Each structure stands twice: as C-alpha cells, then as structure tokens.
1. Kindly provide the set of residues from region A:85-111 that are in a strand (DSSP E or B), touching a Ser or Thr at 6+ places or on another chain (Cβ under 6 Å) and more than 13 Å from chain B (Cβ to nearest Cβ), ordered by number.
2. Do any strands (runs of 3 or more DSSP E) lying entirely in region B:198-296 carry at least 1 residues that are in contact with a strand residue (DSSP E or B) (Cβ under 6 Å, 6 or more places away or on another chain) and over 29 Å from B:V177 (Cβ atoms), and which ones are they?
3. Looking at region A:118-146 only, could you name the residues that are free of Cβ contacts under 8 Å to residues at least 60 places away in the same chain and closer than 27 Å to B:K87 by Cβ?
4. Going through A:V177, A:V145 one at a time, which residue ends up being in a helix (DSSP H, G or I), surrounded by 18 or more Cβ atoms within 10 Å (Cβ to Cβ) and more than 10 Å from every other protein chain (Cβ to nearest Cβ)?
5. So A:T198 clears everything in (1) more than 9 Å from chain B (Cβ to nearest Cβ); (2) modelled with pLDDT of 70 or more except one condition, right? Which one?
6. Just the residues that are surrounded by 12 or more Cβ atoms within 10 Å (Cβ to Cβ) and free of Cβ contacts under 8 Å to residues at least 12 places away in the same chain, please, taken from region B:240-255.
7. Exactly one condition in (1) at pLDDT 95 or above; (2) farther than 25 Å from B:S215 by Cβ; (3) of a type outside the set (D, E) is false for B:Q157; which is it?
8. Looking only at region B:149-171, which residues are of a type in the set (A, V, I, L, M) and closer than 19 Å to B:F106 by Cα?
Amino acid sequence: MINSLYIAWHYLVFNKVRSATLVACITLIAFLPMALQLILEESQQLLQSRANSTPLLLGARGSALDLVMSSLYFDDEVPEIISMRAADEITDTGLAYAIPLYIRFQARNKPIVGTSIDYFDFRNLQIAQGRMLAVLGESVIGAGVAEEYGLAPGDSIVSSPDTLFDLAGAYPLKMTVAGILERSHTPDDQAVFVDLKTAWVIEGLGHGHEDLSRTRDSSVILNRSEDSVTANAKLFQYTEITEENMEGFHFHGDASIYPLTALLVVPDDAKAATLLRGRYLENQQYHIVRPTEVIQGLMQNIFRIKRVIDAVIAIVGLATILAIALVFALSVRLRQRELTTIFKLGCSRMTAVKLIAAEIVIIVLAAGIICAGLLYIVDANIETLVRMFILN
Amino acid sequence: MNAKFWQIIVSILLVVSFTASADEKLSVYAVNYPLAYFAERIGGSSVNVVLPVPAGIDPAFWEPDASVIAEFQQADLILLNGAGYAKWLKHASLPRRKLVNTSAAFQRDYISVEQTVTHQHGPGGDHSHAGTAFTTWLDFNQARMQAKAILSTLENQRPRHADTFIQNYTLLEKDLVSLDQALSAIVAQDSNKPFIASHPVYQYLSRRYYINLKSVMWEPEIMPEQNQWDALQQLLATHDAKWMIWEGQPDKQSATRLEELDINSLVFSPCANTPEEGDFISVMKNNIREIEKAFQ
C-alpha cells in the first residue's frame with residue numbers, strides 16, 4: 001500500500017493543476033456547509049444568550065429588530081429617539097428600574113455607549129485595568145477596543161464628528177480612558193462606554209466654555225445687559241473635559257427631554273414584566289419588546305435561508321462529486337497506455353485499483369486537512385465573522 | 001438516608017446564608033449631614049451611614065475625588081438632597097438605581113435663586129445658569145418629608161425591619177414637628193420683624209416661618225469689604241433690620257461694626273456638615289434659641 005501511495009503521490013504532483021483543482025473542489029464542497037453551520041450556531045448562541053439576559057427593552061414605536069440590534073449588539077442603525085422622561089416613567093411605576101442607553105456616536109469606528117453605571121452591574125462587567133467611570137468626560141472601553149488600538153488607562157479616545165463637513169455639528173470630544181473592562185465575549189468588548197451626560201456633551205446638549213461674566217476678551221461678547229450676556233460664535237468651547245474646566249461644563253434646557261435610543265428595563269419579577277408590557281401595549285409613543293422573542297424571529301428567518309442554502313450546496317455538492325467521478329473515469333481512460341505498461345510489468349489488476357484508490361485517498365486527505373485548517377481559522381475569528389455577516 | 005441527611009444540611013445552609021444576607025447592614029451614603037442623620041435615626045443598627053465630606057467643608061460645594069465617587073458607586077443607597085444640592089453630582093457618574101432624591105415629594109415647591117446672569121451663544125438660544133435654593137431641611141416640614149422618603153426607601157430595601165424603621169421614624173418625626181411648632185410660635189410673635197441673612201441660604205426657613213428676611217453675601221470668618229458695607233447700608237434704607245443671621249460665629253470686627261449700626265448678630269447654623277458638638281436636633285434647638293433672642 002505504501003508503494004501505491006508513493007506512486008500515486010508522484011502522479012498527483014506531476015499533474016499539479018488537475019490535483020489542485022480536485023482538492024479545491026472537494027475542500028469547498030466540504031467547507032462551505034460546515035463553516036456556515038459554525039457561523040450560524042455561534043451567531044445563534046451569541047444573539048440568543050445576549051437576548052436571554054436582557055428582560056425587556058423600551059424604545060420608540062417602530063422596528064423592534066432595529067431597537068434590539070442597536071441596544072444589544074450596538075448595530076450602526078440608530079432607532080427612533082425617545083426622551084429621558086421615559087426612564088422616569090418606568091421608575092415611577094415601581095415595577096422595574098430602567099437603564100438608559102444612548103448609542104448614536106462612534107470613536108475610532110467603535111460604538112460609544114452612553115449609559116449609567118447600572119449597566120455594568122446589570123451585565124456583570126468587571127474592570128480589568130484602571131477604574132470605573134467617575135466623572136464627566138471619562139470612558140471605559142471594552143477589551144477588544146483596548147487590544148485593537150493598544151489603549152491603556154490614562155490614554156485618550158476622540159469621538160468621531162457626526163458628519164465630516166458639518167461645521168455647525170457636534171465637536172469631537174477627547175475622552176480619557178479611565179478603565180478597561182474584562183473580556184466578556186459579548187458586543188461589550190467592542191464598545192466605548194461613557195456616562196450618559198458625556199454622550200449628551202458629544203451631542204452638543206452640554207458644553208463647556210469660559211465664564212462669560214468674567215471673560216476679559218470683549219470680542220466674544222455680542223451683547224451685555226444687566227442680567228444677560230450674549231456671546232458670538234467666536235466663544236471657544238472646550239473639546240476636552242479636564243479637572244480644571246469641568247466646572248464650566250453645563251447643560252441647557254430640560255433634562256427630561258434629553259435623547260435616548262432605548263431603555264433597558266429590568267422588572268422586579270415576571271409578574272411586574274407582564275404588567276409593564278400590558279401598560280405599554282396601547283402606548284402610541286413607546287413599545288416594550290422582549291429581545292428573546294425578537295431574536296427568535298430573526299433566527300427563524302436566518303435558518304429558513306440556511307435551509308435554502310443547504311439545498312443549493314447539496315445539489316452543487318452532488319454535481320461536484322459526479323464531476324470528480326467523471327474526472328477519475330476519464331483519467332483512467334487517458335492513462336490506458338500507462339495501465340497497460342503496468343500490467344505488462346506483471347502487476348495485477350488489483351494493483352491498478354490500489355493506485356487509483358491511493359490517489360483518491362491522498363486528494364480527499366489533502367482536502368480534509370485544508371478544510372480543517374480553514375474551519376480552524378473561521379473558529380478563531382468567529383466573533384468577527386458573526387459581526388460581519390450576521391450582526392451588521 | 002444519606003441523601004436525605006445532605007438535603008437537610010444544604011437546606012439549613014441556604015436558610016442561614018439567606019438570613020445572613022438579609023441582615024447585612026445597608027451601606028448608605030449621604031450628600032449632607034441632615035440626610036445622614038435622618039438615615040441613622042431611622043435605620044438604626046440596620047444601616048451603615050457614611051457622609052464622606054471632611055469636617056469644616058460645606059458639602060454643597062465639596063468636590064470628591066474619583067476614589068470617593070467609587071465609594072458612592074459601591075453603596076447600596078445614595079441619599080440626595082435634590083434642589084441642585086451638591087454641585088459635584090452634575091459631573092459625577094453614579095448608578096441611577098441607587099439614587100434617592102429625598103425632596104422629590106416637594107420639588108414643585110423649590111425656590112429659584114434670583115439675580116443670576118443669563119447668556120446666549122450658539123443655536124441653543126437664551127439660557128441661564130440659575131440655581132435653586134437648596135437648604136431644604138431648614139423648613140422642618142420639608143425635613144420631615146425628606147425623612148419620610150428615606151423611611152420609604154429603607155422599608156423597600158429591608159422589609160423585614162420595616163416595623164423598627166417606622167418606630168424610629170415616628171420618634172424623629174416627633175422631634176421635627178416639635179422644632180417646626182416651636183419656631184412657628186416664636187416668629188408668630190412678630191412676623192414683620194425684619195432680618196438680614198449674611199448668606200442666601202435661609203430661603204426655605206424664611207418661607208415656612210414667614211421670616212421677613214433679606215440676604216447679603218458675607219462670610220462669617222471674613223471681614224466684609226467697604227463696598228459690602230455700602231450695599232448693606234443701601235439695604236437697610238428699605239429694610240430696617242436689627243438682627244443679622246449668620247451661618248457660623250461671625251468675625252469679631254464684623255460683629256462690632258454691625259453693633260455700631262445697631263445690628264445684633266445671631267447664629268443659625270444650617271448644619272449641612274457634621275456638627276462639632278451635638279446632633280441635628282440639638283443644633284436646631286440651639287438655632288431656635290438664638291432666633292428667640294430677637295423676639296425678646
């Protein structure tokens with residue numbers, strides 16, 4: 001058998017292109033369904049476990065899927081905005097507590113999650129390095145963000161402007177990295193967390209500038225009366241919140257109408273959850289969704305598509321196997337003179353069969369090894385792939 | 001038999017651990033002394049109340065560092081005064097779930113501080129950094145409502161001890177009602193009697209007890225500058241006060257010069273931070289005795 005394998009190996013090496021084509025065909029046919037299954041299983045696990053650990057979400061009436069994808073997986077799609085008043089309303093019910101979320105901005109292509117400290121307790125996120133958020137202008141970053149950009153506590157991260165050419169839009173804010181979270185293998189690893197108030201500063205609802213009543217630069221003053229000072233556009237606004245200028249940061253308007261993208265609602269018990277959902281059934285402004293149900297619906301659709309893809313792969317696979325069989329059959333015919341020589345040398349018919357079988361074994365083995373290698377790569381990058389193909 | 005034995009042991013351990021966790025002291029952080037005092041009085045041995053503001057510092061303008069904010073974050077409850085009290089809260093990251101605004105029940109009755117400068121810039125339009133009067137507890141009826149908010153929160157957190165909390169609260173309420181009635185009775189003797197406050201911190205006191213009060217911006221330990229004396233003279237022209245209410249013992253020079261203007265000094269401590277002697281009730285009783293001097 002060793003001799004057969006030796007001769008088969010040399011034959012395959014001599015016919016490189018043919019051998020490589022066969023290996024590639026078998027590899028692809030084996031790899032595609034397995035990789036697809038791997039990605040779908042992982043995405044199901046990721047999506048489902050995250051959804052299962054989130055009891056309820058409140059958002060503006062509209063797409064439940066957009067709301068869940070934004071609030072749980074920090075998808076780029078921003079759902080309809082709700083106001084901070086919604087959080088107070090939930091608290092006032094006495095049935096649950098609400099964790100506000102404002103996920104609209106990015107820093108280095110990573111989502112900035114504006115929330116309250118309660119979020120970290122709720123998700124059981126621990127600080128690996130540095131410390132928790134303490135004051136305005138600080139951020140805590142996921143392990144993935146820290147690793148990707150080589151950030152450590154004390155470094156800074158800058159929010160991306162809303163639109164590049166919107167000069168009147170929100171200014172980028174330089175935020176200090178106060179701490180790095182322990183890896184949780186969830187979308188939290190890829191996020192930049194800030195206090196809600198910091199997110200509102202990025203939005204432009206809060207800002208810091210020199211005290212107008214004390215400024216020495218008269219060119220920034222448009223109008224000054226006994227009880228009012230009007231500044232012009234020259235007034236410099238701070239782009240970083242430091243200990244020195246923090247006092248100068250303030251918010252305008254009624255805080256209860258400040259924007260949120262969602263509320264993570266944590267009811268006291270199952271009964272409270274049911275009561276809450278009932279109360280918001282007829283609400284024209286908001287709706288409460290159970291992420292588990294939304295994700296189950298999404299997964300059903302994904303698996304429906306997967307079944308179609310499986311059927312296509314099965315047909316293509318069958319066609320490929322037939323084509324490979326044809327290749328070998330034709331190969332035997334093409335090698336008729338070679339086989340005749342082998343018989344003339346005194347070899348039995350069985351030896352010829354062994355030679356062809358050895359070629360098939362080597363090709364299948366090579367395809368198997370490559371397929372395993374590719375699956376290993378997929379497995380190692382499964383989170384990125386899931387994010388790339390499923391979440392985004 | 002063996003399995004049953006272990007089931008019993010595990011059950012006992014579970015009950016013991018549950019009881020232990022239910023009896024664990026609640027960690028309560030407060031932003032000022034009155035709230036800390038109320039929490040201690042109501043919670044008794046079931047709570048561990050912390051007021052991390054160093055002695056001699058006004059908690060309203062104190063700035064904690066990150067490590068103290070981290071302590072607040074770790075607490076079971078954070079008692080807030082409301083009415084914009086404790087400026088540091090505007091910039092701090094605290095867990096919403098643990099925050100208790102003790103003055104929420106009367107937030108519609110907050111007093112806005114006048115004479116603030118407004119300014120305008122950018123698209124946001126006219127706005128002001130106007131503040132709110134925050135020494136809410138100097139109205140003892142409001143102080144009672146703040147104590148009640150603390151009672152309600154403690155009851156929710158430790159329902160097993162609710163009866164004790166209610167008993168403790170009843171005693172505290174009695175003390176606060178007694179202070180309220182005593183001060184009302186004193187001021188009722190002459191509610192038109194004009195007073196000057198050395199600092200604008202007595203708005204709620206003035207409103208609740210109908211004290212005819214106008215404020216200047218003086219500090220007890222600092223001798224006022226000439227322009228401040230001039231401003232006082234102007235004020236006296238329309239508000240013929242014979243008494244000035246101070247937050248703390250006034251500087252001797254200030255007191256003497258006031259006496260020359262026929263103005264006596266009395267100390268009414270807001271007691272925002274832990275007093276050197278006594279407690280909230282004893283300090284307030286002392287304040288009432290001081291006020292009483294003006295009506296004798």
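The values are calculated or read from the model by the stated rules, or taken from the named source; none is laboratory data. Not measured: the values here are computed from a predicted model. Here the Cβ positions follow ideal geometry from the backbone for every residue, glycine too, while neighbour counts run over all protein chains shown.
1. Those that are in a strand (DSSP E or B), touching a Ser or Thr at 6+ places or on another chain (Cβ under 6 Å) and more than 13 Å from chain B (Cβ to nearest Cβ): A:Y102, A:I103, A:F105, A:Q106, A:A107.
2. Details: elements: B:212-215, B:243-246, B:264-267.
Filter on region B:198-296 gives B:264-267.
3. A:D118, A:D121, A:I127, A:G130, A:R131, A:M132, A:A134, A:S139, A:V140, listed by residue number.
4. Details: A:V177 fails: in a helix (DSSP H, G or I).
Matching residue, one of A:V177, A:V145: A:V145.
5. With (1) more than 9 Å from chain B (Cβ to nearest Cβ); (2) modelled with pLDDT of 70 or more applied to A:T198, the lone miss is (1).
6. Result: B:A255, single match.
7. Going through the list (1) at pLDDT 95 or above; (2) farther than 25 Å from B:S215 by Cβ; (3) of a type outside the set (D, E), B:Q157 breaks only (1).
8. Start the filter on region B:149-171 by keeping residues that are of a type in the set (A, V, I, L, M), which leaves B:149-151, B:154, B:162, B:166, B:171.
Listed by number, the residues that qualify are B:A149, B:I150, B:L151.
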